[in-house]
Structure formats: C-alpha cells, structure tokens
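Asker: The structure that follows is given in the form of structure tokens.
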C-alpha cells in the first residue's frame, strides 16, 4: 500500500500553461499526473546519489531508512544482544509499536526523521519528537 501526501507547489504562469497544454493534448491526464511523472524522472536521474547516501549510512551505527519503516522487535533484540545502541535516522514515515517502548529506550540512542514518526507519547517525550 503506497502512502501519499498532498504537496503544494508554486509555479510561474509560463510553466503552468505549458503543462496545461500537454494535459489538453492528452499527454497527461491532469497536472498532478505531469508533476508526478516529472518528479519520478528527476529521482531516477539521481538514483546513484541516493544509493551513495544509503550505502554510507549502512557502514555507520545507524538504522537508516528512506520511505516507510517499521522498527521491529527482532532488530531491537539483536542490538540488545550485541550490547549496542543505534540511532534511527531517515526520510519518510517511521512506525514504532507501543509494545516495544521499553526495548526502544534500551537500544535506540536517538531518533532523527525528516517526515513523520508514529509512536507512543512516551517515546515522543523521551526522544523529543514533535
């Protein structure tokens, strides 16, 4: 299931009129269709850089994600077993089940997410998540 979020974009009239022309000519179903396609093409052109960033975090003491990430008991237990702590960092949506609160506070030193974190109020307070 793909999560979507509404984004507002300001464009000059010249750019918007060209998009509208392409929509009217049947190349795209609407403005959103054009903008989504343009964003996907731009991201495809930057995949090498995205992979470099992802790979650089794999070598650090991070749990790093891009997109939707569900922090799970198995990985937290492995961190605890190794007498280690990690930082959770990423872009997108981080979900932490409330049943894992104690294990999270024992094994996760900090949480830094550009996006949204769904977790208990206890964890929000502990990690200063707004």
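Asker: Only one of these is touching a residue at least 60 places away in the same chain (Cβ under 8 Å), assigned by TED's automatic domain parsing to the domain that holds residue 114 and under 16 Å from the mean Cα position of the chain (by Cα): 68, 63. Name it.
Answerer: Details: 63 fails: touching a residue at least 60 places away in the same chain (Cβ under 8 Å).
Answer to the check: 68.
Asker: Quickly run through region 17-40 and pick out the residues that are more than 21 Å from residue 115 (Cα to Cα), surrounded by 10 or more Cβ atoms within 10 Å (Cβ to Cβ) and either in contact (Cβ under 8 Å) with a residue 12 or more places away in the chain or under 28 Å from the mean Cα position of the chain (by Cα) (or both). Before the answer, list the steps.
Answerer: Initial filter on region 17-40 (more than 21 Å from residue 115 (Cα to Cα)): 17-34, 37-38.
Right, trim to surrounded by 10 or more Cβ atoms within 10 Å (Cβ to Cβ) and you get 17-23, 27-28, 30-34, 37-38.
Across region 17-40, the qualifying residues are 19, 22, 28, 30, 31, 32, 33, 34, 37, 38.
Asker: Looking at (1) assigned by TED's automatic domain parsing to the domain that holds residue 89; (2) closer than 23 Å to residue 116 by Cβ, find the lone condition where residue 7 falls short.
Answerer: Among (1) assigned by TED's automatic domain parsing to the domain that holds residue 89; (2) closer than 23 Å to residue 116 by Cβ, the lone unmet condition for residue 7 is (1).
Asker: Hey, could you check region 113-128 for residues that are under 17 Å from residue 64 (Cβ atoms) and surrounded by 13 or more Cβ atoms within 10 Å (Cβ to Cβ) and say which is farthest from the chain's Cα centre (by Cα)? Write out each step before concluding.
Answerer: Our first condition is that a residue be under 17 Å from residue 64 (Cβ atoms); within region 113-128, this holds for 113-117, 127.
Cutting the leftovers down to surrounded by 13 or more Cβ atoms within 10 Å (Cβ to Cβ) gives us 113, 115-117, 127.
Values: 113: 8, 115: 6, 116: 8, 117: 10, 127: 18 Å.
If we take residues in region 113-128 being under 17 Å from residue 64 (Cβ atoms) and surrounded by 13 or more Cβ atoms within 10 Å (Cβ to Cβ), then 127 is farthest from the chain's Cα centre (by Cα).
Asker: Still on this structure, please answer the following. Checking residue 75 against (1) outside the structural domain of residue 111 (by TED's automatic domain parsing); (2) closer than 26 Å to residue 101 by Cα, only one condition comes out false. Which one?
Answerer: Evaluating residue 75 over (1) outside the structural domain of residue 111 (by TED's automatic domain parsing); (2) closer than 26 Å to residue 101 by Cα leaves (1) as the failure.
The values are calculated or read from the model by the stated rules, or taken from the named source; none is laboratory data. As the structure is a computational prediction, the values presented were derived from the model and not from experiment. So basically every Cβ, Gly included, is an ideal-geometry build from the backbone, and we count neighbours across all protein chains shown.
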